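Here is the structure we will look at.
The values are calculated or read from the model by the stated rules, or taken from the named source; none is laboratory data. Here the structure is a predicted model, which means the values were calculated and not measured. Quick reminder, even Gly has a Cβ in these numbers, built from the backbone with ideal geometry, and neighbours come from all protein chains shown.
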2 protein chains.
Amino acid sequence: MRFDQGGLEILGADECRTLLGSAPLGRVVFTDQALPAVQPVNFALLDGDVIIRTSVDSKLSAAAEGAIVAFEVDDFDAAAHTGWSVVAVGEARVVRDPGERAELDALPLRSWAPGERDQFIRIRLEMLRGRRIPGGSPTPERTPG
Amino acid sequence: MRFDQGGLEILGADECRTLLGSAPLGRVVFTDQALPAVQPVNFALLDGDVIIRTSVDSKLSAAAEGAIVAFEVDDFDAAAHTGWSVVAVGEARVVRDPGERAELDALPLRSWAPGERDQFIRIRLEMLRGRRIPGGSPTPERTPG
């Protein structure tokens, strides 16, 4: 195992991909009117890309077009103070090609939110980075004084 | 109840603050070397500000100094396809004043990650925005104490 300078276990690319595939929900990080923005989304993976369904007039749809975004998944146990996170960065694009749209429409991907979500956003993931809080050896509480 | 154009319930500011106070973990969204970055953190609230412990040489510490960041908390039920999210945007700063540092050090806030985390970052939250997928659970009552 390798650890970063903050004491967190560094996860390899294969493990990052496995964890990404296990997560029901992720968060897209983008810029909206020059301010940092983040939105939870359910998603599917296709050929290693993240696929999101949104509405044509969504903020995400407008902001993500051709932009570099981050995509994050995590799972933490608040009682045990353990967990992991995986973050990827990559270019997002709105899918307009009819053939590609048909392929994505066949995925088992329906938005959890109500309403029409007929726009697909596809994020080509690069630079996967995963970290895990080491388990088994709980962090000692610092004693005051 | 009010709904946004995507069919999600719009949460009021009071409810956003209550949900923020109920979350054990949030995610800081910032910019790292001109790329979008996101990091899960445990946190405390003080006077409505988010307080995070990190290490002096952390990426977050370097990137957050004086920057406008987003802070996100959410809770989703993947089986029921329900849940909520709250996002706030505000200025982050590294706390250097000894008196303020002492005040923050007295908070019940210990990083879940191992190692020394002696740097405090304080985020003044503004522009709270909350959304809930209709059909989700009601906001939990704030527990006393």
Checklist entry - buried (at least 20 other Cβ atoms within 10 Å of the Cβ), of a type outside the set (S, T, N, Q) and assigned to a helix (DSSP H, G or I), is that true of B:Leu60? => result yes
Next on the checklist: I'd like to check something: does the stretch A:45-55 contain any residue that is modelled with pLDDT under 95 and under 23 Å from B:Val89 (Cα atoms)?
Outcome noted: yes
Item to check | Cβ pairs under 9 Å, 6+ apart, first in the stretch B:26-54 and away from every other protein chain (no Cβ under 13 Å) and more than 13 Å from A:Glu72 (Cα to Cα), second surrounded by fewer than 19 Cβ atoms within 10 Å (Cβ to Cβ) and of a type in the set (D, E, K, R) | outcome: B:Leu46/B:Glu103; B:Gly48/B:Arg124; B:Asp49/B:Arg124; B:Val50/B:Arg124
Checklist entry - With respect to A:Ala63, is the statement that it is touching an Asp or Glu at 6+ places or on another chain (Cβ under 6 Å) and within 16 Å of A:Glu91 (Cβ to Cβ) true? => result yes
Checklist entry - Restricted to the stretch A:26-39, and to residues that are at pLDDT 95 or above and out of contact with any helix residue (DSSP H, G or I) (no Cβ under 9 Å at 6 or more places or on another chain), which residue is surrounded by the most Cβ atoms within 10 Å (Cβ to Cβ)? => result A:Val29
Checklist entry - Looking only at residues in the stretch B:55-73 that are among the acidic types (Asp, Glu) and either touching a Lys or Arg at 6+ places or on another chain (Cβ under 6 Å) or in contact (Cβ under 8 Å) with a residue 24 or more places away in the chain (or both), which one is nearest to A:Gly6 (Cα to Cα)? => result B:Glu65
Item to check | Residues satisfying the stated conditions in the stretch A:1-25, i.e. more than 13 Å from every other protein chain (Cβ to nearest Cβ) and among the charged types (D, E, K, R) | outcome: A:Arg2, A:Asp14, A:Glu15, A:Arg17
Checklist entry - In the stretch A:68-90, what residues are among the acidic types (Asp, Glu), farther than 11 Å from A:Val29 by Cβ and crowded, with 17+ Cβ neighbours inside 10 Å? => result A:Asp74
Checklist entry - With A:Arg96, A:Arg17 as the choices, which residue is over 25 Å from B:Gly115 (Cβ atoms), charged (D, E, K, R) and surrounded by 18 or more Cβ atoms within 10 Å (Cβ to Cβ)? => result A:Arg17
Checklist entry - Would it be correct to say that A:Val50 is crowded, with 23+ Cβ neighbours inside 10 Å, out of contact with any Leu (no Cβ under 7 Å at 6 or more places or on another chain) and aliphatic (A, V, I, L, M)? => result no
Checklist entry - Can you pull out the residues in the stretch A:78-95 that are of a type outside the set (Lys, Arg) and more than 8 Å from chain B (Cβ to nearest Cβ)? => result A:Ala79, A:Ala80, A:Trp84, A:Val86, A:Ala88, A:Gly90, A:Glu91, A:Ala92, A:Val94, A:Val95
Checklist entry - Inside the stretch A:101-129, can you point out the residues that are among the aliphatic types (A, V, I, L, M), over 30 Å from A:Gly12 (Cα atoms) and at pLDDT 90 or above? => result A:Ala102, A:Ala106
Item to check | Members of the stretch A:102-119 found to be under 14 Å from A:Ser61 (Cβ atoms) and acidic (Asp, Glu), listed by number | outcome: A:Glu116, A:Asp118
Checklist entry - Taking A:Glu103, is it assigned to a helix (DSSP H, G or I), in contact (Cβ under 8 Å) with a residue 40 or more places away in the chain and of a type outside the set (Lys, Arg)? => result yes
Checklist entry - Taking A:Arg93 and the conditions (1) under 18 Å from B:Arg27 (Cβ atoms); (2) over 12 Å from the mean Cα position of the chain (by Cα); (3) assigned to a strand (DSSP E or B), which numbered condition does it fall short on, given that it satisfies the others? => result (1)
